[in-house]
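K.L.:
Let me give you the structure first, and then I'll get to my questions.
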Amino acid sequence: MATVLIVDDEPSVRDLIRDTLELEDHVVNEAVDGPSALEALRADELPDLVVLDIMMPGMSGLDVLTELRGQPTTKELPVILLTAMSDDATTWAGWSAGANVFLPKPFDPGALLDWIDRVLEGGGEMEPTL
Amino acid sequence: MTQVREGLRPARPGWLSVNLVVSTVVLLAVACLVALSVLTARLPAPAQLVDPAPLWLIAVFFVLAALAEVIYVPVRHADSWEELAFVEVVVIWAVLVLSPLTAIVTCLLGFAFTAAIMRRPLVKSLFNLGAYAIAAVGLMITYYMLDSGADIFSVRSVLALVVAALLFAGLNLVLLSVILYAAGDVPPREFLQEQAGLSVGMAVGSVGVSTITLATLQYTPALTPFAALPAVALWYAYRASSSHAEARERSRWLVVLGQAVATPGEPEDVIPRAADALRRVYGADEYAVVLHSGLRFGSHEDWEPPSLMPREARTLGGDDLPPGWTAGVAVRLDDQSGGGVLALGSKQEPVWVTRNLPWARSWTLDDNDKPALVALTTAVGSSVRAGQTLTALTAETAKLQAVVDHATDGIAVVDADGALLLWSPAAARITGVSAPTGEALPEIVDRVVTVPSGPHGTELEYDRADGQSLSLHVTRVDVPGSAAASVITIRDMTRERRAERMKADFIATVSHELRTPITPIRGYADLLRRRWDRMSEEKRAQVLDTIEERANHLTRLVDDLLIAARASTETTLTVEMTQIDVVDVVNEAARAFPELDGRVSIEESAPLMVYADRTRVAQIVGNLVGNALKYTPADTPIEISFAPGDPIEVRVRDHGPGIAADEQERVFERFYRIEDPLTMRTGGSGLGLHISRELARAMGGDVRLISSPGEGSTFILQLRPEGN
């Protein structure tokens, strides 16, 4: 069982991930945008993993990830990037910002669970594929 | 003595005409002769007069007068000729020997005889005879008044003769200056100044020749032939004067020729001017030019020129002469200037009496003058060639100038030292910087002219003074060895780059908008299949509702994309037009937004019938209200009002941030997004306003926008009223 922070502005996507993870007994927290995610991650108790959408109003997921990798406490925090944009430039930007996994939408919930397990087991650096 | 022989031209405009002068001179001459006949009866006659003179003596003077007219030295004054002859000597002899009227009439008859057999024009002959008569009467009266009447060789008598001869020469000179002036090309003062010294010398010399001859005849007849020596000296004086006049005219026309040659132009312009100047330089009467191109100038008529070698100047004769010509010289024109032949010559007909006299031939060109003529003709050819080159260059320059002036891309040219040689109007228009002057180049000009050379060019971003951000594509091509060392083209790619960005943003947006609803649909379908047993009945129902709602959302999105695609490919969108109450449609559409409760106020209105497609009106209102919701803070009101009239208007006003003036039209563009797709605050395809306007226009209406930054926006749907 792990604690996962879901960051996505789209409620239906947040609901899907929450339902998927809770059915597997994970604990789920949610943030609707970048600033609220950073706020949640400044708390003493960090989640085990963050599922982060890229396209969000005001502050993109890439900006959030860059901010996290710049902080000592969140520098190693596992992050799975979700995005509906799977072009080369966005994918490369995601890897460059420090994502552990880059998962394009629409994704298979089973695949998401597999990646979460692999990341939490410490084997989760996905080779970038362009 | 001088006389006009030829070259009189039509009188210049004005009261002073050749005919007037000649008429006046003839009348004066008649008056002088009448006066002479009256006066000489009252004056003491010199002792040596032979009166009445025997017929043989009169015949001798007739012959002497006729010969004196034949033996002359021609002197050119512009296109007129002055003759230096021995007329004065014969007149003085006649005055000293014959009675006044006999002397003058005999001389005039001798002169007239020569004029007739030499076919001199009547006007000129009349003038010459009239001038002789006037001058001779003046000479005679003066001599009779001053002479003592005793010894012909006394000092007083000789002095009287000198004074009389000077008067003769003076009168003749004045009359000649008047007729040359009337002929149009010799200023009287200039002529008188030039000729005064010569005339005095001629007068005194004539007296000397006359008196010495008579004295020798009287006292030492055996030495009489030696009396001709002063006449020879006089002859040479005439020749020197003639040469001087020739040189003067030649210099004058060489200057004119130089000017003609130094002003390059078309052959039609340069060749006639230069050929006429050449004609005058060499004292010819005529010129003819026949070019290989078919152009002909001068008195060519149907002349077929002979074939000449390069740099050859050939004296023409027989069939080689242009028709009507009596003498001529032809020179070959440089082939590079078009090729052809130039001829100088004369149409003057030599008469049989003087045909073989060297001074009486029609025009000739000395062999020594031929090389100069060839050289000058070559210069004319060079001028023509330079003119043709200049014309071609001018035409080419005009073409290049048109390209530079009207090219839509900017053009700059720099030399090898980097100095700016050209900054085209388009370059100035694109950059907003006019042609720079001075040493320091404006920053953008410096950036443009220093881009590296290469076929692919360099992209420059530039903020113009008017605030526009431009994307410039600058290409530099080096031209080694040319004055224009580098040619730089400047293309404004701002619109293209913007379109590329819009396209990329659109793909990103549509990708996001399509994938986002698919994610829960596909994800929940997978979850239901794998975890159906672990999900509660309530959760399953909730999941199915989400799938249905997301599928509907996806359907609307696909519909929007299809409408946008049709709008770009079809003339008009298909709409089903009926009479509808727009107030009712707006209220119904607004109710689809539950979050509008408390924020929206819809103006109460009586039904307003419009001719429109009900579904599309509802869609447009939904788009406008949805936009207002997305772009305004949650605590700000949204007001919907109606304006009857034509068109009927539905106004949706928000109190959001407003839209800048330069964005107001662009928000209606397809694919246009103000925000970065990665961070845009609002969802949607960005096609809503574009589709709304296209649909409204398909119904005969429109969607307009009134907005100011900080004061919110009002979107106005205009529709056609009932019955219209």
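The values are calculated or read from the model by the stated rules, or taken from the named source; none is laboratory data. Source: prediction; values computed, not measured. Virtual Cβ from ideal backbone geometry, glycine too; neighbours counted across all protein chains shown. Areas reflect the complete protein model, heavy atoms only, side chains present, ligands, DNA and RNA absent. Shrake-Rupley method; radii C 1.70, N 1.55, O 1.52, S 1.80 Å.
K.L.:
Give the peptides B:527-536, A:104-113 in descending order of average Cβ contacts within 10 Å, highest first.
P.N.:
For the peptides B:527-536, A:104-113, the packing ranking is A:104-113, B:527-536.
K.L.:
Sort the following peptides by mean Cβ neighbour count (other Cβ atoms within 10 Å, averaged over residues), highest first: B:627-640, A:47-60.
P.N.:
Details: B:627-640: 16.6, A:47-60: 23.4.
Packing order, densest peptide first, comes out as A:47-60, B:627-640.
K.L.:
Taking the Cβ of residue B:469 as the center, what net charge do the other residues with Cβ under 9 Å away carry, scoring Lys and Arg +1 and Asp and Glu -1?
P.N.:
-1
K.L.:
Ignoring solvent entirely, what values of log10 I(q)/I(0) come out of the Debye formula for the stretch B:462-587 at 0.16, 0.18 Å⁻¹ when each Cα is a single scatterer?
P.N.:
Cα-only, vacuum Debye calculation for the stretch B:462-587: -1.01, -1.08.
K.L.:
Moving to a separate point now. Separation between the residue B:706 and residue B:302 pseudo-spin-labels, each 7 Å from Cα along Cα→Cβ, expressed in nm?
P.N.:
9.0 nm
K.L.:
Where a Cα-Cα gap under 16 Å defines reach, which aspartates and glutamates qualify for residue A:75, not counting those fewer than 8 residues away within the same chain?
P.N.:
A:39, A:44, A:45, A:48, A:63, A:67, A:125
K.L.:
Residues with beta-carbon under 15 Å from that of residue A:108, excluding residue A:108: net charge, scoring Lys, Arg +1 and Asp, Glu -1?
P.N.:
Once all neighbours under 15 Å are counted, the net charge is +2.
K.L.:
Kindly express, to the nearest 10 degrees and within the range 0 to 90, the angle between helix B:87-97's C-alpha long axis and the longest C-alpha principal axis of chain B.
P.N.:
That helix lies at roughly 30 degrees to the long axis.
K.L.:
While we're here: What is the angle, in °, between the Cα long axis of helix B:55-70 and the longest principal axis of the Cα atoms in chain B? Nearest 10 is fine, range 0 to 90.
P.N.:
It is inclined by approximately 20 degrees.
K.L.:
For the protein assembly as shown, what is the charge dipole size about the Cα centre, in debye to the nearest 20, if Lys and Arg each add +1 at the Cβ and Asp and Glu each add -1 at the Cβ?
P.N.:
Charge dipole of the protein assembly as shown: 7100 debye, to the nearest 20.
K.L.:
With 43 Å as the cut-off, how large is the P(r) tail for chain B, expressed as percent of Cα-Cα pairs?
P.N.:
That tail contains 61 percent of the Cα-Cα pairs.
K.L.:
Additional query: Based on Cβ point charges of +1 for Lys and Arg and -1 for Asp and Glu, what charge dipole magnitude is obtained for the stretch B:578-719 about its Cα centre, in debye rounded to the nearest 20?
P.N.:
I would put it at about 340 debye.
K.L.:
Per residue of chain B, what 222 nm ellipticity follows from adding -39500 (n - 2.57) for every DSSP H run with n ≥ 4, rounded to the nearest 500?
P.N.:
-17500 deg cm²/dmol
K.L.:
Quick one: net charge around residue B:454, please, counting Lys, Arg +1 and Asp, Glu -1 for every other residue with C-beta under 12 Å from its C-beta.
P.N.:
Details: positive: B:476; negative: B:478.
Computed value for this residue: 0.
K.L.:
While we're here: Only counting protein heavy atoms at a 1.4 Å probe, give the residues of the stretch B:494-516, ordered by number, whose accessible area falls by 40 Å² or more when the other protein chains are present relative to the chain alone.
P.N.:
B:512, B:515, B:516
K.L.:
Near residue B:124, which lysines are there with a Cα under 23 Å away, not counting those fewer than 8 places off in the same chain?
P.N.:
Straight-line reach from residue B:124, under 23 Å: B:347.
K.L.:
Further question: Which three numbers, in whole Å and largest first, are the semi-axes of the equivalent ellipsoid of the protein assembly as shown derived from its Cα gyration tensor as √(5λ)?
P.N.:
Three semi-axes, in Å: 121, 31, 22.
K.L.:
Between helix B:537-569 and chain B, what is the angle of the helix's C-alpha long axis to the longest principal axis, kept within 0 to 90° and rounded to the nearest 10?
P.N.:
Helix B:537-569 sits roughly 20 degrees off the main axis of chain B.
K.L.:
Moving to a separate point now. Under Stokes-Einstein, with the Kirkwood radius over Cα pairs standing in for Rh, what whole-number D in µm²/s applies to chain A at 20 °C and 1.002 mPa s?
P.N.:
In µm²/s, the coefficient is 149.
K.L.:
Write down the Kirkwood hydrodynamic radius of the stretch B:497-569, to one decimal in angstroms, obtained as one divided by the mean of 1/r over all alpha carbon pairs.
P.N.:
14.3 Å
K.L.:
Using the Cα centre as the reference, give the magnitude of the dipole from point charges on the C-beta atoms of the stretch B:497-569 (Lys, Arg: +1; Asp, Glu: -1; all else neutral), rounded to the nearest 20 debye.
P.N.:
Computed charge dipole of the stretch B:497-569: roughly 380 debye.
K.L.:
Another question, then. From the gyration tensor of the Cα coordinates in the stretch B:408-520, what semi-axes in whole Å does the equivalent ellipsoid have, largest first, with each one equal to sqrt(5λ)?
P.N.:
38, 15, 10
K.L.:
Excluding residues fewer than 8 places away in the same chain, name every one of the lysines whose C-alpha is closer than 22 Å to that of residue B:503.
P.N.:
Residue B:503 reaches A:105.
K.L.:
Please compute P(r) over all alpha-carbon pairs of the stretch B:465-527, binned at 5 Å starting from zero, and give each bin as a whole-number percent.
P.N.:
4, 13, 11, 11, 10, 10, 9, 8, 6, 6, 4, 4, 2, 2, 1, 0
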